[in-house]
1. Exactly one of these conditions fails for B:Lys3: (1) among the charged types (D, E, K, R); (2) more than 21 Å from B:Met179 (Cα to Cα); (3) touching a residue at least 40 places away in the same chain (Cβ under 8 Å). Give me its number.
2. Consider segment B:25-51. How many of its residues are in contact (Cβ under 8 Å) with a residue 24 or more places away in the chain, under 22 Å from the mean Cα position of the chain (by Cα) and not in a helix (DSSP H, G or I)?
3. Considering only segment B:185-233, how many residues are touching a residue at least 60 places away in the same chain (Cβ under 8 Å), within 24 Å of the chain's Cα centre (by Cα) and surrounded by 13 or more Cβ atoms within 10 Å (Cβ to Cβ)?
4. What is the residue count in segment B:336-385 for residues that are closer than 23 Å to B:Ile306 by Cβ and of a type outside the set (Phe, Trp, Tyr)?
5. So which of B:Ala6, B:Ala72 is within 23 Å of the chain's Cα centre (by Cα) and surrounded by fewer than 22 Cβ atoms within 10 Å (Cβ to Cβ)?
6. Taking the residues in segment B:173-221 that are in a loop (DSSP other than H, G, I, E, B), in contact with a strand residue (DSSP E or B) (Cβ under 7 Å, 6 or more places away or on another chain) and not basic (Lys, Arg) as candidates, determine which candidate is nearest to the other protein chains (Cβ to nearest Cβ).
7. Residue by residue through segment B:143-172, note down the ones that are of a type in the set (A, V, I, L, M, F, W, C), within 14 Å of another protein chain (Cβ to nearest Cβ) and in contact with a Leu (Cβ under 7 Å, 6 or more places away or on another chain).
8. Of all the residues that make up segment B:228-255, how many are outside any helix (DSSP H, G or I) and of a type in the set (D, E, K, R)?
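The values are calculated or read from the model by the stated rules, or taken from the named source; none is laboratory data. A quick note: this is a predicted structure, and the numbers were derived from the prediction, not measured. As a convention, Cβ positions derive from the backbone with ideal geometry for all residues, glycine included, and neighbour counts pool all protein chains shown.
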Amino acid sequence: MKKWTELVPGAVVLEAGSSAKFKTGSWRTFRPEWLQENCIQCLMCWLYCPDMAVKVADGKMTGFDYDYCKGCGVCAKECPGKQGKKAIIMKPEGK
Amino acid sequence: MGKVVAVTGNEAVANALRQADPDVCSLYPITPQTDIVQRFSSFVANGVVQTELLNAESEHSAMSAAIGASAAGGRVVTATSSQGLALMWEMLHIASGMNLPIVMPLVNRALSAPLNIHGDHSDGMGARDTGWVQLWSESAQEAYDNTIMAFRVAEHADIRLPVMVCMDGFIVSHSIARMEYLGDEEVKNFIGPYQTVNPLLDMEHPKSFGPLILTDLYHEYKRLQHEIMGRVKNVVLQVSDEFEKLSGRKYGLFESYRLDDADIALVILNSAAGTSKDVVDELRDKGIKAGLLKPRLFRPFPYEEIGKALKHLKAVCVMDRADSFGGYGPMFMEISSAMYQADGNGKRPKLINKIYGLGGRDYMPSDARQVLLELNEIAGGAPVTAVKEYIGVRE
C-alpha cells in the first residue's frame, strides 16, 4: 500500500481504465442469468450495463463477467427478449 | 499605474475579478454579494473579459460547476454570502479535497434563522473546517488586494487550493471608500497565465477525479491534505512580498497595530478593526498601552506567529462577530489554542471573549473603549468575571 507521501494531491487517478482493477462482483445480491434461447442479440444489455459486466465477442453477447456485475438488474429490465420471453432473468445469489 | 477611486467593496472585488480574466465564472446571486456577480456579468456581456459565465440554479450547483470547470483545467471564480455558502457546504470540501484552485469572494453575512441579510462572520466561520484557505479583509482596498493575491496563492504549485476572500457585508461591500486600483496590465502580469495541473480535458492523458477511497487510503489522503495546508503560510508570505513590490501595500499573516510595547490588546477581524484602531490611539493618548491584532490568514491559522505576537501582553480580548453556540466564539478558540502553546516562560495573557455585531449590529467606538477599559482593569489585577460575554446587547 502507498504511503501518504506517494499519493497524487486531489486523489486524481492518472491512469486510464483503472476501474478494471477494482472488482465489484461481491456487492451482488441478485445474479443475472442469460437464457441464450430467448436472446435476439440486440445488445441492449451491453448498452445499458453501467459497468462492463456484459461480455461481447464478435458483436455478440456471450454471457456475464461476474467479477464486475453488481446485480443492479438494469440488463434484465431492458432486455426485450423473444416473443415476450426474457433472455435475462435475475436470481437471488446463494440459490 | 495605480488609480485612486471611490468605490464600494463589491465594485472593487468585481474589478479584481475582471483584471484576473478567469476562464469560467459560475454564479448565483445572494445579498450582499449579488453586486459582484452582477457587475462581473456586465463585464462578460460587454466583452471586457473572455470568461464563460454559468448561471447556476443554486449555490450548490454554482460550486459544483466551479469544481467541474476547475478540474477541466480552467481558472475559475464564483462568489457568495451566508445561506449561499451554507448551501455549498458539501461541495466546499470536494473543491479542497480535489486540490482545485477556485477563488471565491465571500461577502460575510449572518445566517438564518431569524432571517438577516447584514454583515457578521457566521458564514465564513462555519466554513473554517472545509479545507479552504481564508483571507479576511478590513476594507475595500484589502478585499481587492486579497482577491488579486488569492489567484497567486490558490494556483501556487506547492498548494493548489481553493481560496475564500472574506469582507464584511454592507459595511464594506456597499460603502463607498477611497482605494487604489492597480493597472490592468500590472495585475495581468502579477497573476500570470493559468497553469493547469492534471486537467481533465487533456485528452491525450485520460484521468479520473473523485474516486472512491475507503479505509485503505483515505487516512493517507487526509494526511497529505494536512501537509499541503501547512505550506500555505509560506506561499501567502511570498505572494504578499511580491505584491508589496508591485503596490507598496504590505500584508502579512496578520496585522499588528501598536502591539510591540502594549499591555492589553484586542484581536479582531475585518471592518471593526478599523474602528478599534481609532480607539486604541485614543487610549494611547491617555497613557494606556493598548494594541490590536487583526488576523488576515484565518485558515490555515498561524498559531505560532500569533502566539508569539501576543504572549507578552497582560490581557487580551478576542472579539468574535460570530458565535459557536455552546462553545466560545470561533476566533477565541483559536487564540486560546495559540496562547496555550506559546512559550511565555509560564506566563500568558488573561483572555476574554466578547461577541459583538451579530446580524449587522453596529460596532461603535464606545464598544471598543468599554472592552479596552475592562482589559485595562484585568491587566491591573481585577478578576475575569466572565470569559465569554455579549456586548452591545440590550439587557
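1. (2)
2. 8
3. Number satisfying all stated conditions: 11.
4. 30
5. Answer to the selection: B:Ala6.
6. B:Pro211
7. Listed by number, the list holds a single entry, B:Ala154.
8. 4
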